[in-house]
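Down below is the structure, laid out as structure tokens.
Only the coordinates and a few stated rules stand behind these numbers; no lab work does. All values reported here derive from a predicted model rather than from experimental measurement. Methodologically, a virtual Cβ is constructed for each residue, glycine included, from the backbone with ideal geometry; neighbour enumeration extends over all protein chains shown.
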Amino acid sequence: MKVNVVFYSLYGHVYRMAEAVAEGAREVKGAEVSLYQVPETLPAEIVAKMGATEAKKGFAHVPAADMPQLAEADCIFFGTPTRFGMMTAQMRTFLDRTGQLWSKGALVGKVGSVFTSSSTQHGGQESTILSFHTTLLHHGMVVVGCPYSEKRLSEAGEMSGGTPYGASTIAGPGGSRFPSENELAIARYQGRFAATIAAKLAGR
């Protein structure tokens, strides 16, 4: 069973969540898990002005995602930061290239699951994931979130992301806060849960 984690990250927060999702998915028997990043659309000089050049070097080894990585997978996780309550322009641009896959029904019946990050606790995490689901449903994908059987979603003793729609992290002002262990654990759970659903759909 092929599981692909496709993400966009600027400062590394979503990349760390993607790694955690992949770790969880790898716990499912027979899962072959790969990470891919959505190509950057910003010019290098703009990325530098945003102070993200060094951060991006930390995951420069992750290969670029393209249409074959979507078509070949049984389960696809998508990770994107929040931009005004929606996915980033980079992720939107990538998804807008999937018209040929849509016309062929290439993603119909595949499991799709989404995770995200935002700078504040109420910065649009849920709306980003929910609006992302619209694209997955147009492709006929089986949308899987992160159910409350993951007890860490109910953590109230510390600041933490995590929604029933998908894992999330709070980056904090200036991106100074990286995913906590609670947030990473939720991401691992989502990875394991969605990959398990995909395995069941595949009859494994």
Highest GNM mean-square fluctuation among 174, 79, 109, for the chain with Cα springs under 10 Å, belongs to 174
Cα centre as origin, Lys/Arg/Asp/Glu Cβ charges: the chain dipole, Debye: 300 debye
Do any chymotrypsin sites (Phe, Trp or Tyr not before Pro) in the stretch 1-106 lie in a loop, going by DSSP, with at most 11 other beta-carbon atoms within 10 Å of their beta carbon, and if so which? 84
With both bridge residues required to lie in the chain, what share of the DSSP beta bridges run antiparallel, to the nearest 5%? 10 percent
Please compute the modelled spin-label separation between residue 108 and residue 127, points set 7 Å along Cα→Cβ, answer in nm with one decimal. 3.3 nm
Can you pull out the trypsin sites (Lys or Arg not before Pro) in the stretch 54-109 whose DSSP state is coil and whose Cβ has at most 14 other Cβ atoms within 10 Å? 97
Residue-ordered couplings for the stretch 182-197, obtained by feeding phi - 60° into the Karplus form 6.51 cos²θ - 1.76 cosθ + 1.60 and rounding to whole Hz (Gly and Pro as x), are 5, 5, 5, 5, 5, 4, 5, 4, 4, x, 5, 5, 5, 5, 5, 4
For the chain, modelled as a GNM with alpha-carbon contacts under 10 angstrom, which of 161, 145, 30 fluctuates the most? 30
Check which residues have an amide H placed less than 5 Å from residue 83's amide H, if you skip close sequence neighbours. 88
Would you kindly derive the ³J(HN,Hα) couplings of the stretch 14-31 from the backbone phi angles with the Karplus curve 6.51 cos²θ - 1.76 cosθ + 1.60 (θ = phi - 60°), listing them in order in whole Hz, with x for Gly and Pro? 5, 4, 5, 5, 4, 4, 5, 4, 5, 4, x, 5, 5, 6, 7, 4, x, 7
Using the charge dipole of the stretch 97-166 (Lys, Arg: +1 at Cβ; Asp, Glu: -1 at Cβ; taken about the Cα centre), state which of 133, 99, 116 has its Cα farthest towards the positive end. 99
Structure shown: which of 104/200; 29/151; 110/151; 49/151; 2/151 lie over 30 Å apart, alpha-carbon to alpha-carbon? 49/151
Springs between alpha-carbon pairs under 10 angstrom, Gaussian network model over the chain: which of 113, 176, 34 fluctuates most? 176
Residue 177 to residue 47: extension gain in nm, 0.36 nm per residue of separation minus the Cα-Cα distance? 44.8 nm
Cα Rg, Dmax, the chain, angstrom units: 15.7, 49
The stretch 5-127: relative contact order as a whole-number percent, Cα under 8 Å and 6+ apart: 31 percent
From the helices alone, meaning DSSP H stretches of at least four residues, give me the mean residue ellipticity at 222 nm for the chain, per-run term -39500 (n - 2.57), in deg cm²/dmol to the nearest 500. -11000 deg cm²/dmol
